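To keep things clear, I will list the structure first and then write my remarks on it.
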Amino acid sequence: MQTVANDRRHKAFSNVSHVKQYPTEDEVIQFYHSKEWRRIRQSVLERDHGIDQWELTERGRLIPGDTVHHIVEIREHWELRNDIDNLETISKGNHNREHIEKGNKNLNKSRHKIDNFKVKNSVKSRDVQDEIF
Ligand SMILES: [Zn+2]
């Protein structure tokens, strides 16, 4: 299982297009609100048996995960947003750290935008909170 998760990471990077596709923030928000995303998210959780794939590959430990993370950032490679090989189950704690360690400059900006979006449209979506960055 550890090898499977590792192979997937390599595959995700090999699927990257040479031409970068940058989505707008609105497109990103719409994507995380879509039915399509909810469906893909669910199939990733099922495929990974709800196990944190980062913890498994990096530490060889089995812990539960309930967040679905894009291995290659969709803000830099929009074409990989629906690529199941670019998705993995991760726990909230590891997810936050993963993004902070990558130095994701969009993090605070996205959270701010999502807060505004939620206030404006009264949207309450756990999926969106889980995986907006
Ligand atoms: Zn993520």
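Rule-based calculations on the coordinates, nothing more; no lab input. All values reported here derive from a predicted model rather than from experimental measurement. Methodologically, a virtual Cβ is constructed for each residue, glycine included, from the backbone with ideal geometry; neighbour enumeration extends over all protein chains shown.
Couple of notes before you dig in:
- Each other residue within a Cβ distance under 10 Å of Gly93 adds +1 if Lys or Arg and -1 if Asp or Glu, for a net charge of -1.
- Annotation for segment 9-48 versus segment 74-91: alpha-carbon center distance of 4 Å.
- Mean Cβ count within 10 Å, highest first, over the residues of peptides 37-49, 82-94, 60-72: 82-94, 60-72, 37-49
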